[in-house]
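Taking it in order: structure first as structure tokens, then the write-up.
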Amino acid sequence: MDVDVGPKINLSHKEIRVLLLHEFRLGRKATEAANNICSTMGQSLVSTRTAQRWFNHFKNGDSELDDLPRSGRPMELDMDLLKQLIKEDPRSTLRGLAEQLECSHTTVEKHLKELGKTWKYG
């Protein structure tokens, strides 16, 4: 039975995991759970592979639904310092700013987009 849900529903990763845990506790298979969730909440909300991975966690007794800390550089940076650096040198490169802020250039790029800054050619 397909349900027409209209516009796609935006759910957090944790909310999707709660739905998967519910399906798991109902005794469903991961593929069936992914299909159920996608048919009621929006296509491509959760992949079969993601459902399988989380079902494996649940089978092993791990019902932690929050994101665990990950290694690597933090995605956060001092926005005031970023603004100051841009004001001092508007022609700074992403990599130059990243080096000064001790973060990745993709982090700088993400935060510049949030500030409405765009790269202008020439």
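The values are calculated or read from the model by the stated rules, or taken from the named source; none is laboratory data. These figures come from a predicted structure and were not determined experimentally. For neighbour counting, all protein chains shown are included, and Cβ atoms are generated from backbone atoms with ideal geometry for every residue, glycine included. In case anyone asks, the SASA skips ligands and DNA or RNA and just uses the protein heavy atoms, side chains included. Shrake-Rupley method; radii C 1.70, N 1.55, O 1.52, S 1.80 Å.
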Can you tell me the alpha carbon radius of gyration of segment 13-60 divided by the globular rule-of-thumb value 2.2 N^0.38 Å?
0.97
Quick one: compute the contact order of segment 31-122, relative version, from alpha carbon pairs under 8 angstrom and 6+ residues apart, as a percent.
17
Of the listed links Lys14/Lys59; Lys14/Lys110; Lys29/Lys113, those spanning more than 29 angstrom between alpha carbons are Lys29/Lys113
Just how much of Thr93 is accessible, in Å², when a 1.4 Å probe is used and the result is rounded to the nearest 10?
90
Computed log₁₀ I(q)/I(0) - Debye formula, equal Cα scatterers, no solvent, the chain, q 0.12, 0.15, 0.16 Å⁻¹
-0.67, -0.78, -0.81
Can you report the principal axis dimensions of segment 32-92 using only the alpha carbons, biggest first, rounded to whole angstrom?
56, 28, 15
Sorted peptide list for 104-110, 19-25, criterion being average Cβ within 10 angstrom, highest first:
19-25, 104-110
Estimated [θ] at 222 nm from DSSP helical runs (n ≥ 4, -39500 (n - 2.57)) normalised by residues in the chain, nearest 500:
-16000 deg cm²/dmol
